[in-house]
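Only the coordinates and a few stated rules stand behind these numbers; no lab work does. None of the values given here were measured: they were computed from a predicted structure. Cβ sites come from the backbone with ideal geometry, for glycine too, and all protein chains shown count toward neighbours.
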Amino acid sequence: MTEYVVLLPGDESQWENTSQADKEAMYAIHRQFAQALEERGHKVTGGSELAHSREAKVLRTDAEGNHTITDGPYAETVEQLTGFYIVQSDDFDDLLDVCKILGRGEGAIEVRAAAGGSAS
Amino acid sequence: MRFLVLLAEEDHFDRWENADDDYRQRCFDDYNAFADAVRERGSVVFGDALGRPDSARTIQPDEARTVTDGPYAETVEQLGGFYVVELPDQDTAVELARLLPREYHVEVRPMLEVEV
């Protein structure tokens, strides 16, 4: 089995202004996604919704070893990472197909293989 | 609390492929020091290195759900790996992130742990 990360970038300000009812509808799509993964032999091993990128801290270190810590994400992109899944799968193409379920609510979805060495 | 720790670096994958053994060993030592320090105050839930950006597939936000090669955002810094850690607070997570290889931009972001 290969471990994949499913990255969910999106428009954070839009999500912040989404009503609770609409958020529930979105979570229902995520439940369908989880169910389809299980039915088709993929295994979710981790994942979470993320806090707004303004709550992120970035640590940078210069050549002399001095650290600076700044607020916000490391890359200022229009679409910020809003959540992710970690999924074990032997079928990348089918995994991509199942991810299309999320596409009804999420924007772009990036799926990338991990190297396979868990640090835990 | 859980935090996502993102490790990003310019030209990360080319640099890593061309790195000598001493450099790689220093990085591995740093990863181990970080993981050990996290375990003293919490736990490492998960951690892994990622494949190259061009190995990613992105499902586009269009009606046809088009699948394209590559990541969702072309950034100068490439995401090379990540951890999920369980720690008391963000300050602790940022403090321990100092142990990671100094070449990387390290982003520490709270996870919401929403039950869906």
Exercise for the section: Can you tell me the order of A:93-100, A:70-77 when each peptide is scored by its average per-residue count of other Cβ atoms within 10 angstrom, highest first? Expected result: A:93-100, A:70-77
Practice task
Relative to the compact-globule scaling 2.2 N^0.38 Å, provide the ratio for the alpha-carbon radius of gyration of the protein assembly as shown.
Solution key: 0.99
Fill in the blank from the handout: Note to self: C-alpha centroids of region B:43-75 and region A:1-75 sit apart, in Å, by 12
Problem - Interchain or long-range residues, amide H under 5 Å from A:Ile101's placed H - result: none
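Given region A:2-113, report the % of alpha carbon pairs whose separation exceeds 16 Å.
64
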Exercise for the section: Would you mind counting up the charge near A:Leu81? Only other residues with Cβ under 10 Å from its Cβ, with Lys and Arg at +1 and Asp and Glu at -1. Expected result: -3
Exercise for the section: Compute the long axis of helix A:20-39 from its Cα atoms, compare it with the longest principal axis of the Cα atoms of chain A, and write down the angle in degrees, 0 to 90, nearest 10. Expected result: 60
Fill in the blank from the handout: Under the Karplus relation with 6.51, -1.76 and 1.60 and θ = phi - 60°, whole-Hz ³J(HN,Hα) for region A:61-66, x at Gly and Pro, equal 10, 8, 4, 8, x, 7
Handout entry: Radius of gyration and maximum dimension Dmax of region A:1-62, Cα, Å
Key = 15.4, 48
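Which GluC sites (Glu not before Pro) in region B:43-87 sit in a loop by DSSP (not H, G, I, E or B) and have at most 10 other Cβ atoms within 10 Å of their own Cβ?
Working: sites: B:Glu63, B:Glu74, B:Glu77, B:Glu86; in loops: B:Glu63, B:Glu74.
Those satisfying the criteria are B:Glu63, B:Glu74.
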Completion exercise
Two pseudo-spin positions, 7 Å from Cα along C-beta at B:Asp36 and at B:Asp20, lie apart in nanometres by 2.5
Exercise for the section: In Å and from the alpha-carbon atoms only, list the Rg and Dmax of region B:38-116. Expected result: 15.9, 48
Fill in the blank from the handout: Residue-ordered couplings for region B:95-111, obtained by feeding phi - 60° into the Karplus form 6.51 cos²θ - 1.76 cosθ + 1.60 and rounding to whole Hz (Gly and Pro as x), are 4, 5, 5, 4, 7, 6, x, 5, 6, 9, 7, 10, 9, 10, 10, x, 9
Exercise for the section: At a Cα cut-off below 24 Å, give the lysines reachable from A:Lys100, other chains included and same-chain residues fewer than 8 away excluded. Expected result: A:Lys23, A:Lys43
